[in-house]
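**Student:** I have a structure I would like to understand better, so I am pasting it below and will then ask my questions one at a time.
Any read-out appearing in this document is the output of simple, stated calculations on the displayed coordinates, not a laboratory observation. Nothing here was measured: the structure is a model prediction, and the numbers come from that model. With ideal geometry, Cβ positions are generated from the backbone for all residues, glycine too; neighbour counts draw on all protein chains shown.
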Amino acid sequence: MAPPRTYHCEALILKHVPFGEADLLVTFFTRERGKIRAVARGARRSNSKLVGHLEPLTQVNLSLAQGRGGLDHVSQAQLMESFAPLKDDLKAITKGFYVAELVDGFGSEAHPNQPLYHLAVAALNAIGQDPESELSLRYFELHLLKVSGLMPELYRCVECRKDLVPGSHRFSPNVGGCLCPDCRPADAHVRPLSLRALKVLRLLDRSQLREIPSLKLSDSLAQEIKSLLSMSIEYWLDKQIQSNSFLEQLHLEEKSSVYS
Ligand SMILES: [Zn+2]
């Protein structure tokens, strides 16, 4: 019998769940192949060579063997980055899991997205360096939408396409971003958007994560930006989950039935 085909990936570990008697089913977001779920056989046994190498929020070099039923197996995992500063701080690790959850939600199986991979790694590093900064999470949320092709329009009205000039703008993820004061499409999710919030969103859009100045935002402005981005993330995540989950569930059931 031909040996199983093996391949190598660079990956972030998003989560794992117990699988079978001593295995783990691990969700990776890989640089080369997008999201992958693979079985780490025997990884819950204390003498497994994989013990300690498959913790969530870890970047690894992976070797995988193609399973006969389509569910691949982890044959080796070499640590690249453990994000130790992030794991030393409860607030930071909570933010790290939020990043992993969103990458899991927006990442697709069999659809590589290298910008998303690099964004997630950069965000985990930034959170570890400054666990108190909320702005690095806002940056991650906005750029997550951008690299997923779902960036809200911040420069022109999504209805009339006129450049936005200072005024009473509004925002809605349903219509794709900002609206000028004259355009009023029937939409239940329109929210007011302050000029200051628009400026901060544009600044986040145009900056590199490492370049984000330590902006001091008032509580109300920080809350407004957080709320606008959360609304956008939830809107698109619902759609993403609806479109992905059925296919992914089918995919997983198909693999599980052959594997068992
Ligand atoms: Zn307009």
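**Student:** If you fit an axis through the alpha-carbon atoms of helix 135-147 and take the longest principal axis of the Cα set of the chain, what angle between them do you get, 0 to 90°, nearest 10?
**Tutor:** 80 degrees
**Student:** Here's another thing I want to ask about it. Angle check, please: helix 114-129 long axis (alpha carbons) against the longest principal axis of the chain (alpha carbons), in degrees 0 to 90, nearest 10.
**Tutor:** 80 degrees
**Student:** Testing the spin-label approximation: label points 7 Å from Cα along Cα→Cβ at Glu159 and His118. State their distance in nm.
**Tutor:** For Glu159 paired with His118, the spin-label model returns 3.8 nm.
**Student:** Output the 0 to 90 degree angle, nearest 10, between the alpha-carbon long axis of helix 90-106 and the longest principal axis computed from the alpha carbons of the chain.
**Tutor:** 90 degrees
**Student:** Here is a follow-up. For the pair Ser227 and Ser63, what calculated FRET efficiency results from E = 1/(1 + (r/R0)^6), where r is the Cβ-Cβ distance and R0 = 30 Å, to the nearest 0.05?
**Tutor:** Taking R0 as 30 Å, the efficiency between Ser63 and Ser227 is 0.10.
**Student:** Next question. Can you show me the helix-derived [θ] at 222 nm for the chain, built from DSSP H runs with n ≥ 4 at -39,500 (n - 2.57) apiece and divided by the number of residues, rounded to the nearest 500.
**Tutor:** The helix-only estimate for the chain comes to -13500 deg cm²/dmol at 222 nm.
**Student:** Would you kindly calculate the translational diffusion coefficient of the chain, applying Stokes-Einstein with the Kirkwood radius from alpha carbon pairs, for 25 °C and a viscosity of 0.890 mPa s, and quote it in µm² s⁻¹ without decimals?
**Tutor:** The estimated diffusion coefficient comes to 123 µm²/s.
**Student:** Still on this structure, I have one more. Taking 0.36 nm per residue of sequence separation and subtracting the Cα-Cα distance, how much length would be gained by fully extending the chain between Asp88 and Lys239, in nm to one decimal?
**Tutor:** The span from Asp88 to Lys239 would gain 50.9 nm if fully extended.
**Student:** Given Cα pairs under 8 Å that are at least 6 residues apart, what percent is the relative contact order of the stretch 133-242?
**Tutor:** In percent, rounded to a whole number, it is 27.
**Student:** Oh, and also: At a Förster radius of 45 Å, what calculated FRET efficiency corresponds to the Cβ-Cβ distance of Gln78 and His189, to the nearest 0.05?
**Tutor:** Once the sixth-power term is evaluated, E becomes 0.50.
**Student:** Turning to a different aspect of this structure: Between the alpha-carbon centers of the stretch 206-239 and the stretch 78-127, tell me the distance in whole angstrom.
**Tutor:** Each part's Cα centre sits 17 Å from the other's.
**Student:** Count the DSSP beta bridges whose two residues both fall in the chain, then state the antiparallel fraction as a percent rounded to the nearest 5.
**Tutor:** Of those bridges, close to 95 percent are antiparallel.
**Student:** Hey, another quick one. Length gain on complete extension for the stretch Glu21 to Asn174, per 0.36 nm per residue less the alpha carbon to alpha carbon distance?
**Tutor:** Additional length available on full extension: 50.6 nm.
**Student:** Sticking with this one: Rounded, prolate or oblate: which fits the stretch 133-242 when a ≥ b ≥ c are the square roots of the eigenvalues of the alpha-carbon gyration tensor, with rounded for a/c under 1.5 and prolate only if a/b beats b/c?
**Tutor:** oblate
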